[in-house]
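Following: one structure in structure tokens, then a few remarks.
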Amino acid sequence: MDKQKYYKFEIDYNTNHFNEFPHDIFTNEEKDLYLKIKKRKEELGDKLVILAHHYQSKWITELGDFVGDSFQLSKEASMMKNAEKIIFAGVHFMAESADILSSDKQKVYLPNIKAGCPMADMTSLQDLEFAWEEIHKNLNGEKIIPITYMNSTAEVKAFCGAHGGAVCTSSNADKIFEWAFTVGDKVMFMPDKNLGMNTANKLGIPKNEQVLYDLSKENGGHTKEDIKNSKVILWNGYCHVHKFFSVEMVKNLKEKYDDYKLIVHPEASPDIVALADGIGSTKYIVDYVKASKPGDTIIIGTEINLVYRLAEEYKDRNIFPLRKSLCPNMYRINMVNLYETIMDFPEERVITVGDKTKANAKKALDRMLEFG
Ligand code: SF4
């Protein structure tokens, strides 16, 4: 299969099943680069660390010193003191977090600076400051704790740090919400409305105390009373990769499989989550599959590269994606730009967060790391 077909296969959403793994299809050029990257890694030893997110393709993860979700990788970044250079095979906000948590002597590189995250970009600092002020006009001194998902810009994390809030991931959002209610009256959560609603539902917060703030409408589209009576104020953002899953797809599973378990990431909408047998972060999904038995059928609702890798690793289970949903932003990291980065460490690929933003964002990230 040639390169062109390889890409075509990756973005062909017409079929749900797969019988071959696209990441097995490797051009000779890519193989050559893979081997050169491995050799260069050996030469650099512990001066270099490559962090690879679970949503990267198999060969990129094979080159990673650590593979994990954003929470695991941010913990690794905070503990690696020897590495002078950190290459983040992920998206922009992850490299920013690594820069915030690493020491000043370390440099963080993103192999493709265009690898952003549309969901993170759905909350700009300017919009957040506007909403924060507008929301407070409805209140009489009640305290709001701003919580941002890891998948947000450094500026938004800094806003949370400066206002007594925290960062959370899909693994610990419930614990961070619980903490927030011990120090404040309300939570304002950015940018992912689904993770926010799923977390609030898990904690038993009634629907009428969850308010979706719509920036395009006056007062977010709510009355003063709505805001005053709310416990959780949600930003109207989402991850398009997880938005592709529908209730219809879940209902169709019954026709295809006799006995199966559906596991989904909490970035999926609450109506999908309500139908799932297991809900959790990428780490949870990996652990779930690991703990399953040969012959089990597991349908997974998250980014396709992780599903492919799990299906390949656990060939004695029947692992299928709820739908082939690829994150095109993670996909911007490839063998070519990883090779260029490890060979030349181009300055334009260094991700640097300004000092003031870093200090405040670190407060919010440290608060998250305290929760383990
Ligand atoms: S999967 Fe969604 S949240 Fe994660 S990087 Fe891609 S767009 Fe952003």
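Side notes on the structure shown:
- Rg [Å, one decimal], Dmax [Å, integer] - the range 245-321, C-alpha atoms: 11.4, 31
- Averaging the sequence gap over all C-alpha pairs within less than 8 Å and six or more residues apart, then dividing by the number of residues, gives the chain a relative contact order of 22 percent.
- Over the range 105-258: Kirkwood hydrodynamic radius from C-alpha pairwise inverse distances, Å: 16.6 Å
- Distance (nanometres) between label positions extended 7 Å along Cα→Cβ at residue 224 and residue 256: 5.2 nm
- Per residue of the chain, the DSSP helices (runs of n ≥ 4 H) give a summed -39500 (n - 2.57) that works out to -13000 deg cm²/dmol at 222 nm.
- Long-range HN-HN contacts of residue 87 with modeled amide H, under 5 Å: 49, 50, 51, 109
- Amide hydrogen neighbours beyond the local backbone of residue 238, cut-off 5 Å, H modeled: 193
- Between residue 162 and residue 209, residue separation times 0.36 nm minus the direct Cα-Cα distance comes to 14.4 nm.
- When each of the peptides 154-161, 259-266, 308-315 is scored by the mean number of other C-beta atoms lying within 10 Å of its residues, the order from highest to lowest reads 154-161, 259-266, 308-315.
- Computed with a 1.4 Å probe over protein heavy atoms only, the accessible surface of the chain comes to 44 Å² per residue.
- Net charge, residue 45 excluded, C-beta distance under 15 Å - Lys, Arg +1, Asp, Glu -1: +2
- Here the chain has an Rg and Dmax of 20.9, 65 Å, counting Cα atoms alone.
- Packing-based ranking of 138-144, 91-97 yields 91-97, 138-144, ordered from highest to lowest mean Cβ neighbour count within 10 Å.
- Gyration tensor verdict on the range 272-372 (Cα atoms; rounded if a/c is under 1.5, prolate if a/b is larger than b/c, oblate otherwise): oblate
- Taking the protein heavy atoms of the chain in the context of the full set of protein chains, the accessible area attributed to carbon and sulfur is 49 percent at 1.4 Å.
The values are calculated or read from the model by the stated rules, or taken from the named source; none is laboratory data. Quick caveat, the model's predicted, so the values are computed rather than measured. Glycine also receives a Cβ, built like all others from the backbone with ideal geometry; neighbour counts cover every protein chain displayed. To get the accessible areas, we keep the full protein, side chains included, count just its heavy atoms, and leave off ligands, DNA and RNA. Shrake-Rupley method; radii C 1.70, N 1.55, O 1.52, S 1.80 Å.
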